[in-house]
Every structure is written in C-alpha cells, then in structure tokens.
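Accompanying notes for the structure given below.
Where a number appears in this text, it was derived from the coordinates with a stated rule and is not lab data. All of these numbers come straight from a predicted model, not from anything done at the bench. Cβ atoms come from the backbone with ideal geometry, glycine included; neighbour counts cover every protein chain shown.
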Amino acid sequence: MIRFLLSLALRSAWNRRFTLALTVCSIALSSFMLLGTERLRTDLRGSFTSALSGTDLIVGARTGSVQLLLYSVFRIGAATNNLRWSSVQAIAGQQGVAWVIPLSLGDSHRGFPVLGTSKDYFSLFHYGNRQALRMREGRPFADLFEAVVGAEVATRLGYHLGDRIALSHGSGELGLTDHADKPFVVSGILQSTGTPVDRTVHISLQAMEALHVDWFAGAPFPGARISADKAREMNLQPKAVTALLVGLHNRAAVFSAQRSINGFSEEPLMAILPGVALDELWDVIGTGEKALLLMSGLVALVSMAGLVSVVLASLGERRRELAVLRAVGANPRSLFFLLTVEGVLVTACGIVLGVLALAAAGLALGPWLQASYGLTVNLDQPTQLQGLLLLGLLACGWLASLYPGWRAYRLSLADGLSPRS
C-alpha cells in the first residue's frame, strides 16, 4: 500500500509539475542561501585561521589588536606608525625569544602588496597546520634587486623566473609613483598556500630601503635621483619596519613576553597573540554572520509557507481524486500520508537542486573568489552545521505538509463526491 501511495504521490505531483516547480525553485533558493552562507562563513574563518601558524606574538605600534593583525598578516589597512630598528634588535635579544621576522609594508605592484622582510621569512614563517613555505620555482632573493612572488601574483600576471618588474610607492591599484629606476628580477615563485602570501611580492629589507633612499616624507626628493647601482654602495640598514613576528623558545612564557614588550621603554609598542586577536575579529563580524543566516532562514520560511499554500490550493482541485481514493478503500490515514509524502518529496527536490546550484556556483566562482579575495571554497568538505541545516529544511518541509495532510484527513467521502460550488 505504501509503495502504491508513493507512486500515486509522484504521478499526482507530475500532473501539477508547473505549479510545484515554482515551489521547488523557491526551496532551492533558500537551500542555496542557507548552505552558501554557512560555507562562506566556514571558509572565511578557515582562510583567516590558516594564514599564520607557529607565531607566538605579533608586535607593532600601539593600535587596536584587530587592526594590527589585519595589516601585518592579511595586508588589509595600514599601520599607524612603525617600529624603530633598534627596537627590533632589542626584542630579538630578549630572553626567551627564539626568532623574529621583521615585516616592512607600504609599497605595491599592480595592486598586490610588497613585503620587505629577511631571508628567515622563508624558513620560519608557517601557515595552516605548521606548514612551511616552499618554492615552486627558483630560490629566495639573494641579490639586492631580486623578488620572490606569490603563486597568485605569478599566475595572474604571467610571471616567470627572470622577468623584470617595477614596484610602486603606496598601496592599491591606482596609478601611483613607480620606482621604475630600480627594477627587480623575479628570482623565485612560491607554491600556493591559500593565504595572503600568494598575493604578495617579497623583497629584502635592504631593497625596501634602496627604493626610498631618494625619497623624503613620502615623495621623491627633488633633484636627488639615486640610481640602482649607486644605491648598492649605500648603507641600507633598515631604520624602521611595520611589524614584527615573534617566536618563543617556550610558549608558556608568552604572557610575560607580551607584558615586557607592551611596557617597552624606548617607544610605545603593542604585542598581541594571533589567536586572541582572531577571536576579537570574529566577535566583530559575528553580528553580520548572524544577520546573513537569519535572512537565509527567513527565505526558507517563506519557501515553506509557499509549499503550504500550493498544497492547500491544490486540495480544492483534488477533492474528487481524494474522494475516489476513499471510495476504493484508502483510509484517512493513507490520505494524510499521501499529502505529507508529497510535501517531503517537493522539499527534497528543492534541497537537491539547491545543493547542485551551490556546487556549480562554487566551481564557477571559486577561482574568482581565490583571485580577488584569497578565499578558498572547499565544497568537498561539508560542515556539521550544513548537514544540520539540510535536515532542518527537510523537517520543515515535512512539518509544512502536516496541515494540508490534516485537511485531507478530514475530507469526507460525501464532501468529495458532492463538492460545494
């Protein structure tokens, strides 16, 4: 009997396919929005979390902890001030400090940030699950005017080893002043990491100084153009850097090291724990995440209301059909089952269509999200919340079909055979 009713529900739905198709599309849209919002939220957090690993402290000028994290690790925003090189040396010499990686930011190349750093960056910097940087081609910079580009920079701009590039003063894609008199040669291309490293051009700290030896107060000094060859002969010891990544011998000493740096007497500095700063960042954007999920939930609610309306509207057209079923032996419970199964089937079709649409959108937009925002979409790794959302949608479809099923349950045989006009 159940098999017969399932077959009957499918045939009845097919006869009203055009009406139900709109409901299926509505449910598919709600599934797409709910799952897509959760997928983006999870992948965004994953991208941020995997951008830095193994670093105990980030040191910079006193500012907000989230701001320091954003500009030093994710190249978003700008520093309020720099650290003096003497402070970098003092921190590196503190007891318990195992290593430091100085970071100097402020320049760009065709919209990609330029990072001045030391050679230790390529061996000490880690991302993801303590993964080290690896070269896809070439080697780290050895000459003053050599650069190592991230995987995305090389792919989008078509760079290969030996290509000559010119850097620009300032950040962004606007036509800023170029350091065209001091071109760089690409000496290495890093393997893809899925982090801001992929979108960064790396040069030495001395090269960053060489670019600005004939600059003063953020502009070229009039009549004092210094060539690349002459810059090589100058003292290029860095005077200041933007931020500092610090690793400790013993992570248990992280709070004492943080207090020591925050109380640094030579200049006002700030040391933050990357994990704590990330938690603060999630608190900031958590409201937006909840608002997106709420909006998606409202779309799902409207879709379920549409399902109820469609099934209820069809009852008037199907009263004779249901009455005939009663006449041939179907009991009221069978009619109730028929209507609820139909609602679940429509909901399931909408969910499947929404999942397929999300997969197609991920495949189509994945490269663009990676290129524009550095966001890697992992469609092959569904989250636990996504599974719960799918089950919740299916349960809502079942609940939404209960009332039409109850109405069908109450239809009498006489009412069905003699409908009121």
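Each label point was placed 7 Å from the Cα along the Cα-to-Cβ direction; for Val254 and Lys290 their separation is 2.7 nm. Quick one: if the Förster radius is 41 Å, what FRET efficiency do Arg232 and Glu280 give, using the C-beta to C-beta distance and rounding to 0.05? For Arg232 and Glu280, the calculated efficiency is 0.40.
With the simple spin-label model, which puts each label point 7 Å out from Cα in the Cβ direction, the Ser7 to Thr383 separation comes to 4.4 nm. On the principal axes of its alpha carbon atoms, region 57-272 extends 46, 41, 31 Å, with the longest extent given first.
You can think of it this way: the chain between Leu363 and Asn262 has 31.8 nm of extra reach, that is 0.36 nm per residue less the Cα-Cα gap.
Full extension of the chain between Ser123 and Ala142 gives 5.4 nm of extra length, using 0.36 nm per residue less the Cα-Cα distance.
For Gly64, what is the net charge nearby, where nearby means another residue's Cβ is under 15 Å from its Cβ and Lys, Arg count +1, Asp, Glu -1? Around Gly64, the surrounding residues sum to -2. The HN-Hα couplings worked out from phi for region 50-60 by the Karplus form 6.51 cos²θ - 1.76 cosθ + 1.60 (θ = phi - 60°) are 7, 5, 8, 9, x, 9, 7, 9, 10, 10, x Hz, whole numbers, x standing for Gly and Pro. Between the beta carbons of Arg130 and Trp398, assuming R0 = 41 Å, the FRET efficiency works out to 0.35 to the nearest 0.05.
A straight Cα-to-Cα reach below 14 Å connects Lys230 with the aspartates and glutamates Asp181, Glu209, Asp214, residues fewer than 8 places away in its own chain not being considered. Cβ-Cβ distance of Arg110 and Gln191, R₀ of 30 Å, FRET efficiency by 1/(1 + (r/R0)^6): the value works out to about 0.90.
Proximity of backbone amide H atoms, modeled 1.01 Å from N, is registered between His202 and Leu115, Val148, Val149, Gly150 at under 5 Å, excluding neighbours fewer than 5 places apart on the same chain. Provide, for q = 0.13 Å⁻¹, the log10 of I(q)/I(0) from a solvent-free Debye sum over equal Cα point scatterers in region 70-185. So the normalised log intensities are -0.60.
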